[in-house]
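**Q** Handing you a structure now.
What follows is calculated from the coordinates using simple rules that are stated; it is not laboratory data. Just so it is clear, the structure is predicted and the values come from calculations on it, not from any experiment. All Cβ positions, glycine included, derive from the backbone under ideal geometry; neighbour counts span all protein chains shown.
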Ligand code: SF4
């Protein structure tokens, strides 16, 4: 991984105190988001996506690993470091109301976020605020309105404008479209891509909505129980997912395959395990449709932790038996199927089942 550009995470681990002891919410995650590009982070609820986002913006402190922005590490303990990190990395939440004070006008919110604006002449400040509103496609007339006088989409645009007011190097967008309806969502995503082209920030885009992730992401990273299990350029991952978890995740999204779940591709079974006591070996093995519960001879899955295959960059998979690159994807109208209805995986050295 090259340092010096955008956002980089090196073996980042984040632990929380749970009712029965420490819980490792993020476990040894490494990820790179170069400037001007977007990495989409997907996974079930509880996979650690939002904890990772909080660590990136300094709201959670990693107990191990490093996070750098533009090659510089921010430890998040010293006030000066936190202030600089705040200028470099901005977070936009799902609910814009958490970022906007209901008693403040849009103008006041933007002026507060920019901080330095208050030292500008009134006319210059108005110009800057007008420029920010224009940047996010809002009329300058919005400046005097309160959040409740705006639509949901407009409020989210103001939240984005607030985040961009300080010219961050990294934007973390955590489920920012999930409260919006479809047409508003598409317009917001197009706007984000356009802003990124103009401003060059790196973006970590977290979403359950795989169609939204596809729209904005250059690379997709799939998270399961605190770990990244697959990373690849967006189309490579969506057309040819190799990790069984990614395959089941994609198969459950009708919008990715013309409204129909492909025949034979299993849906994700059972609940995600408790992160306080993750399964041995591969964390996905109790639920894996092609793991040891379904394939005799795959004991290795329960005993040995698979790591992402760095040699296979840019498509990396943490699985002992990833699907072959030429396996047909779950949303391409059918897959190679085995006797269990799962995709046929690569089977190096294992006995035939
Ligand atoms: S390592 Fe085994 S259990 Fe884990 S995802 Fe791969 S095949 Fe399934």
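**Q** Sorted by average packing, counted as other Cβ atoms within 10 angstrom per residue and highest first, what order do 165-174, 54-63, 218-227 take?
**A** Values: 165-174: 21.7, 54-63: 18.9, 218-227: 23.5.
Final packing ranking: 218-227, 165-174, 54-63.
**Q** For residue 166 and residue 72 in one chain, what is 0.36 nm times their gap in residues minus the Cα-Cα distance, to one decimal in nm?
**A** Separation in residues times 0.36 nm, less the Cα-Cα distance, equals 32.0 nm.
**Q** Describe numerically, in nm with one decimal, the distance between label points set 7 Å from Cα along Cα→Cβ at residue 218 and at residue 11.
**A** Placing both labels 7 Å along Cα→Cβ, they lie 2.7 nm apart.
**Q** Report the FRET efficiency, 1/(1 + (r/R0)^6), for residue 311 and residue 101, where r is their Cβ-Cβ distance and R0 is 56 Å, rounded to 0.05.
**A** Numbers: r = 50 Å, r/R0 = 0.90.
That pair, residue 311 with residue 101, gives E of 0.65.
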